[in-house]
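Have a look at the structure below, then the notes.
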Ligand SMILES: NC(=O)c1ccc[n+]([C@@H]2O[C@H](COP(=O)([O-])OP(=O)(O)OC[C@H]3O[C@@H](n4cnc5c(N)ncnc54)[C@H](OP(=O)(O)O)[C@@H]3O)[C@@H](O)[C@H]2O)c1
């Protein structure tokens, strides 16, 4: 399966100044436990937003950057969306692939995604970049939602959306 995983605020915002909107230890733990051992794929800005711009440990990292001179250590570097899809398809033969951002990659990969693991943050984080409002897309249905809970002093809610008509990677 291809699964997008993210947290978004009450306005579907996901980031500001190439960083996250909130510090959410519980959500971070969920992200780490869910993605460890699998393949994660991302855009260049998201890789650069990690501490030391280093890939995520114990995961295969596929990174899309438009500039072919940008080659990062410890990742599968790709420079076209076609090659990105090709690497995702290959990795998908061995297990789940998680799309981990950012905004441009979430948008382009959404039609191919089987599920979205969405952590809804019940707060406005004054975002500059946004996710797609899934409630406006008829093909996306809520598969499950946990009761709201506190992550530090912020209320969050774990939700899963399912794509009823995912596009196949050719
Ligand atoms: N809330 C969350 O869960 C979450 C998770 C991850 C990231 N984020 C946030 O999202 C923000 C980053 O998002 P972003 O959209 O700016 O960056 P991004 O998606 O991480 O990366 C964009 C990069 O990918 C390249 N790229 C994208 N599509 C391409 C294509 N079709 N062909 C070739 N290259 C392509 C872009 O090149 P060009 O610009 O040259 O096209 C650019 O270098 C940050 O604020 C980050 O913290 C939030």
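Please treat every number below as a calculation from the coordinates, not as lab data. If you're wondering where the values come from, they're calculated on a predicted model, not measured in any experiment. Cβ placement follows ideal geometry from the backbone for every residue including glycine, while neighbour counts extend to all protein chains displayed.
Remarks
- Test result for residue 41, surrounded by 22 or more Cβ atoms within 10 Å (Cβ to Cβ) and more than 7 Å from the ligand (Cβ to nearest atom): yes
- For residue 48, the test of being within 13 Å of the ligand (Cβ to nearest atom) and surrounded by 21 or more Cβ atoms within 10 Å (Cβ to Cβ) is failed.
- The set of residues from the stretch 51-76 being surrounded by 13 or more Cβ atoms within 10 Å (Cβ to Cβ) and more than 11 Å from the ligand (Cβ to nearest atom) comprises 54, 55, 56, 59, 60, 61, 62, 72, 75, 76.
- Tabulated pairs, the stretch 139-151, first on the phi < 0 side of the Ramachandran plot and touching a residue at least 40 places away in the same chain (Cβ under 8 Å), second surrounded by 13 or more Cβ atoms within 10 Å (Cβ to Cβ) and not in a loop (DSSP other than H, G, I, E, B), C-beta under 6 angstrom, 6+ apart or interchain: 151/26; 151/27
- Condition met for residue 102 (in contact with a strand residue (DSSP E or B) (Cβ under 9 Å, 6 or more places away or on another chain), surrounded by fewer than 20 Cβ atoms within 10 Å (Cβ to Cβ) and within 17 Å of residue 42 (Cα to Cα)): no
- Of the listed requirements (1) surrounded by 13 or more Cβ atoms within 10 Å (Cβ to Cβ); (2) within 18 Å of residue 165 (Cα to Cα), residue 144 misses just one: (1).
- Subset of the stretch 35-52 (residues that are within 19 Å of residue 85 (Cβ to Cβ) and in contact (Cβ under 8 Å) with a residue 60 or more places away in the chain): 38, 40, 41, 42, 43
- Residues within the stretch 59-86 that are under 13 Å from residue 98 (Cβ atoms) and either in contact (Cβ under 8 Å) with a residue 40 or more places away in the chain or assigned to a loop (DSSP other than H, G, I, E, B) (or both), tallied: 1
- Of the set (1) outside any strand (DSSP E or B); (2) closer than 29 Å to residue 78 by Cα, all apply to residue 138 but (2).
- Count - residues of the stretch 33-47 that are assigned to a helix (DSSP H, G or I), in contact with a helix residue (DSSP H, G or I) (Cβ under 8 Å, 6 or more places away or on another chain) and closer than 11 Å to residue 75 by Cβ: 1
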